[in-house]
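Enquirer: Okay, here's the structure, questions in a sec.
Where a number appears in this text, it was derived from the coordinates with a stated rule and is not lab data. Computed from a predicted structure; not experimentally measured. Cβ placement follows ideal geometry from the backbone for every residue including glycine, while neighbour counts extend to all protein chains displayed.
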Amino acid sequence: MPVLESLSAERRTVDLQELLKRLAFDMICRVSLGTEVCSLEPSLPDSPLARAYDVSCAICARRGAAPVSAIWRIKRWLGVGSERELKQAVDEVHSSIARLIRDRAERIVETGDRSAGSQSDLLSRLASAGYGEELIRDMVISFIMAGRDTTSAAMTWLFWMLSRSQEVERELIGEVDGAAGELDYDSLKELKFLSGCLCEVMRLYPPVAWDSKHAVGDDVLPDGTPVRAGDRVTYFPYGMGRMESIWGRDRLEFKPGRWFEGPEGKPRGELKKVCPYKFPVFQAGPRDCIGKEMAFLQMKYVVASVLRRFEIRPVERDDDGVFVPLLTAHMAGGLPVQIRKRERPPASQ
Ligand code: HEM
């Protein structure tokens with residue numbers, strides 16, 4: 001964690017949301033593309049690919065929220081305004097990824113080795129399997145989009161909520177300090193209170209706040225509501241996470257204890273298995289998130305590693321953390337924080 005070391009030594013204020021976004025981008029690019037984009041240094045400008053992603057996502061979200069679609073459709077037809085910007089950003093994403101796909105395919109041909117390249121990344125695997133460029137491009141784009149802003153948003157809100165809930169923070173630090181040795185797959189699985197904290201924060205601040213589907217054919221919802229072909233149906237995890245009928249009267253409180261079996265006090269019981277139709281943060285049904293396990297591992301690794309060694313203190317702000325539900329949600333204005341080394345670092349790391 002050299003970046004956090006130097007930020008704490010310099011006592012600089014940094015936007016934690018931006019830092020986590022860059023970290024998630026680095027991680028998902030390594031997994032999907034097999035490339036190191038090294039965007040973590042906060043003083044560096046955004047990578048052109050990351051910037052083009054941000055622009056495309058923001059404009060698509062505005063399309064989705066527009067009460068009348070005719071306006072953006074006309075702008076698209078005329079090639080002006082936000083639609084022109086969107087086209088440029090999408091072209092940038094397509095051409096950057098296409099370049100990487102061609103490079104990887106060439107390397108595979110040059111070496112004659114179908115497992116060439118970075119081997120375990122998605123792009124190399126799809127290229128080695130002989131899929132076409134467009135299909136690979138679209139799959140890789142979906143992965144980067146799905147895995148980038150989602151995990152960073154959840155972790156941003158978690159650090160924010162911990163700074164406002166000292167009792168929860170103390171319990172969580174106790175758990176991560178108690179995990180022996182390196183944080184590996186098995187020790188991360190054991191950090192159950194951290195899982196509860198992540199579920200609780202995503203209940204209140206779901207990274208995908210709303211999600212729409214368009215009906216292919218006429219249908220009827222389980223409550224009898226008719227849906228006609230072409231209708232748009234939206235489910236709303238943000239609203240559901242705050243409904244009294246689902247979560248009870250304390251629905252607006254940040255209480256990770258509600259994710260555990262038995263009474264809410266300690267010792268904690270096992271984590272509850274909550275039905276995804278009640279908690280559709282990763283969607284529910286046959287097309288739910290395939291990155292859920294990876295997302296939990298990644299978030300747990302990052303949060304536990306940070307908490308073991310650093311204190312994160314948000315700087316004073318006037319608002320209560322404003323939730324902005326674009327394609328993925330984020331905190332308005334970022335999360336400016338000061339980072340300090342923990343006074344008594346645990347012996348384990
Ligand atoms: C906190 C983190 C995450 C949340 C809240 C989340 C949430 C979601 C949601 C709501 C969907 C359904 C979208 C739709 O169909 O409209 C989805 C799909 C998907 N997610 Fe995630 N996701 C997260 C992390 C990840 C990560 C890290 C990856 C990849 C490594 C990933 C990969 C995917 C993919 C590929 C799909 C499409 C699945 C399909 O269409 O069958 N997600 N995710």
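Enquirer: Quick one: what do you get for the stretch 1-90 if you divide its Cα Rg by 2.2 N^0.38 Å? Could the numbers behind the result be given before it?
Expert: Working: Rg = 17.3 Å, N = 90, 2.2 N^0.38 = 12.2 Å.
Computed over Cα atoms of the stretch 1-90, the ratio equals 1.42.
Enquirer: For GLU18, what charge total do you get from the other residues with a beta carbon under 12 Å from its beta carbon, if Lys and Arg give +1 and Asp and Glu give -1?
Expert: Value of the local net charge: -3.
Enquirer: Can you compute the charge dipole magnitude of the stretch 202-337 about its Cα centre, using +1 on each Lys and Arg Cβ and -1 on each Asp and Glu Cβ, nothing else charged? Give it in debye, rounded to the nearest 20.
Expert: Values: 21 positive and 18 negative charges, 103 e Å.
Charge dipole of the stretch 202-337: 500 debye, to the nearest 20.
Enquirer: Follow-up. Once you list every other residue whose beta carbon is under 15 Å from the beta carbon of ALA215, what net charge do they have if Lys and Arg are +1 and Asp and Glu are -1? If you can, show how the numbers build up before the last one.
Expert: Values: positive: LYS213, ARG228, ARG232, ARG287; negative: ASP211, ASP218, ASP219, ASP231.
Net local charge, ALA215 excluded: 0.
Enquirer: Quick one: which of 240-253, 171-184, 10-23 comes out on top by average Cβ neighbours within 10 Å, and what's the full order, highest first? Kindly include the intermediate steps, with their values, before the conclusion.
Expert: Details: 240-253: 13.1, 171-184: 15.5, 10-23: 19.0.
Packing order, densest peptide first, comes out as 10-23, 171-184, 240-253.
Enquirer: Moving on. In 20 Å bins starting at 0, how do the alpha-carbon pair distances of the stretch 14-341 split up by percent?
Expert: That works out to 27, 57, 16, 0, in percent per bin.
Enquirer: Put +1 on the Cβ of each Lys and Arg and -1 on the Cβ of each Asp and Glu in the chain; which of VAL227, PHE159, ALA58 then has its Cα farthest toward the positive end of the dipole?
Expert: So the residue furthest toward the plus end is VAL227.
Enquirer: With the dipole of the chain worked out from charges on the C-beta (+1 for Lys and Arg, -1 for Asp and Glu) around the Cα centre, which of VAL216, ILE312, LEU188 lies farthest toward the positive end?
Expert: Towards the positive end, the residue furthest out is VAL216.
Enquirer: If you take every residue apart from GLY241 with its C-beta less than 9 Å away from the C-beta of GLY241, what net charge results, scoring Lys and Arg +1 and Asp and Glu -1? Spell out each step's value before the answer.
Expert: Numbers: positive: ARG203, ARG242, ARG251; negative: none.
Net local charge, GLY241 excluded: +3.
Enquirer: Distances longer than 20 Å among the Cα atoms of the stretch 180-298: what percent of all pairs is that? Spell out each step's value before the answer.
Expert: Numbers: 3683 of 7021 pairs.
Across the stretch 180-298, Cα pairs with separations above 20 Å total 52 percent.
Enquirer: Report, ordered by chain and residue number, the lysines lying within cross-link reach of LYS75, taken as a straight Cα distance under 23 Å and ignoring same-chain residues fewer than 8 apart.
Expert: Correct list for LYS75: LYS87.
Enquirer: Under 16 Å between alpha carbons: how many lysine pairs meet that in the stretch 183-313, if sequence neighbours fewer than 8 apart on the same chain are excluded?
Expert: 14
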